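The values are calculated or read from the model by the stated rules, or taken from the named source; none is laboratory data. All of these numbers come straight from a predicted model, not from anything done at the bench. With ideal geometry, Cβ positions are generated from the backbone for all residues, glycine too; neighbour counts draw on all protein chains shown.
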Amino acid sequence: MDLARMLDNCHRDQWSVGDLDWSRKPRSMPREDEIAIVQLFTDMSGIERLAGALFREQERRVEDPTLKAIFASFVKDEVRHSHAAQMLADFYDVHHYKEYRQSPSLTAFAPHFVDAIQYLSDDVANAYIITGELILDIALLRSINDFVQDEMSSAAMRLINRDESRHIAIDYYMAEYYGSEEYEQKVAAQEQRMSPARIARGTRAFVNVLYHGSPFIRDVFLDPMALVDPRGVRLREAFKRAQILGRKEVNARRPFAKFQRFLQDGVNHPITGPILGNLFGRLAGPGKDMLKRMYDDEELARARRMTYDELAQEALAQKEAN
């Protein structure tokens, strides 16, 4: 990847929520649909703030000045996305059927997640953000937009999707680095210097993320997708991309990657799956159904022959697929 060119794109493609025409009139919706859509955009606003916190932490940790500037621009993107999502919630809240607040599971998960990313290694943070953005970009945003079928939503999603494409490209770029021997050696040296107190705080924070993660993912991602993408085609595609990326390297170097593989293998094992599948799915977050193998041997072999950039481009192309 040409990081200088990426940074130029980050600067060139900045936009403001004021660039959108908010004078339009939203299309008429049934009561149930209006309530669901307003709640979806309300939660989306909170999700984008979490993504911003992750990028802020990545900006703090990377040493390359160009990468720092790229992640700083991503933080601005996510703040703008959060603002746009809340304005979309207000735009479609035509009849004020209820007072909308972000889902309690999101409220419970957010502080633990923000706390955890301060202590966890970079590869863990990147694993969470790339999975979340694949779900958001390939599945949730597109499906919400199709469900709303309104010009206002389409205009906003077009700009948000353009930003998210840059994010996913860099996510894959960083995934390659975090899976490398160079990074493994670097982080191993850092971990040797970590104090017992910091390790304890990090462990406690990660346990809280695991505990609160499952209801958060269910309420904010999986249940809404059941409404806007009932067949689950896009959701399975997003999880398949995440699974393949996690398996691209034949041997996982980092403990978190090994942990993820252990949970997925456990769910798919003919003995442990029926017995411990629900537990493994809870620990992973999305539940056992999303841990079931969604790729075949040929797809995995093909992915391992591809570069990370090629995988990113394929994921981005999937956004435009029906």
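Considering the range 39-151, the qualifying helices (runs of 4 or more DSSP H), each wholly inside and each with 2 or more residues that are in contact (Cβ under 8 Å) with a residue 40 or more places away in the chain and more than 30 Å from Glu184 (Cβ to Cβ), run over 65-92, 104-116, 141-148.
Residues that are out of contact with any helix residue (DSSP H, G or I) (no Cβ under 8 Å at 6 or more places or on another chain) and among the hydrophobic types (A, V, I, L, M, F, W, C) within the range 33-83 comprise just one, Ile35. The sole residue among Phe55, Phe91, Phe74 that is aromatic (Phe, Trp, Tyr) and at pLDDT below 95 is Phe55. For the range 187-234, the set of residues classified as more than 14 Å from Phe113 (Cβ to Cβ) and either among the acidic types (Asp, Glu) or touching a Gly at 6+ places or on another chain (Cβ under 6 Å) (or both) consists of Glu191, Asp219, Asp223, Asp229, listed by residue number. Scan the range 259-272 and give yes if some residue there is among the charged types (D, E, K, R) and closer than 30 Å to Lys186 by Cα, otherwise no. Yes; the residues of the range 259-272 include at least one that is among the charged types (D, E, K, R) and closer than 30 Å to Lys186 by Cα.
Being under 28 Å from Glu48 (Cα atoms), more than 18 Å from the chain's Cα centre (by Cα) and of a type in the set (S, T, N, Q) is the filter here; which residues of the range 170-229 pass it? Thr203, Asn208 - these are the residues of the range 170-229 that are under 28 Å from Glu48 (Cα atoms), more than 18 Å from the chain's Cα centre (by Cα) and of a type in the set (S, T, N, Q).
For every residue, the table says whether it meets (1) on the phi < 0 side of the Ramachandran plot; (2) among the acidic types (Asp, Glu); (3) crowded, with 20+ Cβ neighbours inside 10 Å.
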{"position": "Leu88", "(1), (2), (3)": "yes, no, yes"}
{"position": "Tyr97", "(1), (2), (3)": "yes, no, no"}
{"position": "Tyr100", "(1), (2), (3)": "yes, no, no"}
{"position": "Pro104", "(1), (2), (3)": "yes, no, no"}
{"position": "Gln118", "(1), (2), (3)": "yes, no, no"}
{"position": "Asn126", "(1), (2), (3)": "yes, no, yes"}
{"position": "Ala139", "(1), (2), (3)": "yes, no, yes"}
{"position": "Glu151", "(1), (2), (3)": "yes, yes, no"}
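The residues in the range 1-11 that are modelled with pLDDT of 95 or more and either part of a loop (DSSP other than H, G, I, E, B) or charged (D, E, K, R) (or both) can be counted, and the count is 2.
Among the residues of the range 280-307, those identified as of a type in the set (A, V, I, L, M, F, W, C) and modelled with pLDDT under 90 are Phe280, Leu283, Ala284, Met290, Leu291.
State yes or no: is Leu316 surrounded by fewer than 19 Cβ atoms within 10 Å (Cβ to Cβ), assigned to a helix (DSSP H, G or I) and touching a residue at least 60 places away in the same chain (Cβ under 8 Å)? For Leu316, the condition - surrounded by fewer than 19 Cβ atoms within 10 Å (Cβ to Cβ), assigned to a helix (DSSP H, G or I) and touching a residue at least 60 places away in the same chain (Cβ under 8 Å) - is met. Only one of the numbered conditions (1) touching a residue at least 12 places away in the same chain (Cβ under 8 Å); (2) surrounded by fewer than 17 Cβ atoms within 10 Å (Cβ to Cβ) is not met by Arg231, and that is (1). Here Met1 passes the criteria (1) surrounded by fewer than 16 Cβ atoms within 10 Å (Cβ to Cβ); (2) in contact with a Lys or Arg (Cβ under 7 Å, 6 or more places away or on another chain) except the one numbered (2).
Among the candidates Leu311, Leu300, Leu279, the residue that is touching a residue at least 60 places away in the same chain (Cβ under 8 Å), part of a helix (DSSP H, G or I) and in contact with a helix residue (DSSP H, G or I) (Cβ under 9 Å, 6 or more places away or on another chain) is uniquely Leu311. Given the criterion free of Cβ contacts under 8 Å to residues at least 40 places away in the same chain, buried (at least 17 other Cβ atoms within 10 Å of the Cβ) and among the hydrophobic types (A, V, I, L, M, F, W, C), identify the matching residue among Val220, Val267. Going through Val220, Val267 in turn, just one is free of Cβ contacts under 8 Å to residues at least 40 places away in the same chain, buried (at least 17 other Cβ atoms within 10 Å of the Cβ) and among the hydrophobic types (A, V, I, L, M, F, W, C): Val267. Among the residues of the range 167-211, those that are surrounded by 18 or more Cβ atoms within 10 Å (Cβ to Cβ), closer than 23 Å to Leu134 by Cα and either of a type in the set (A, V, I, L, M) or in contact with a Cys (Cβ under 9 Å, 6 or more places away or on another chain) (or both) comprise Ile168, Ala169, Ile170, Met174, Ala175, Val209.
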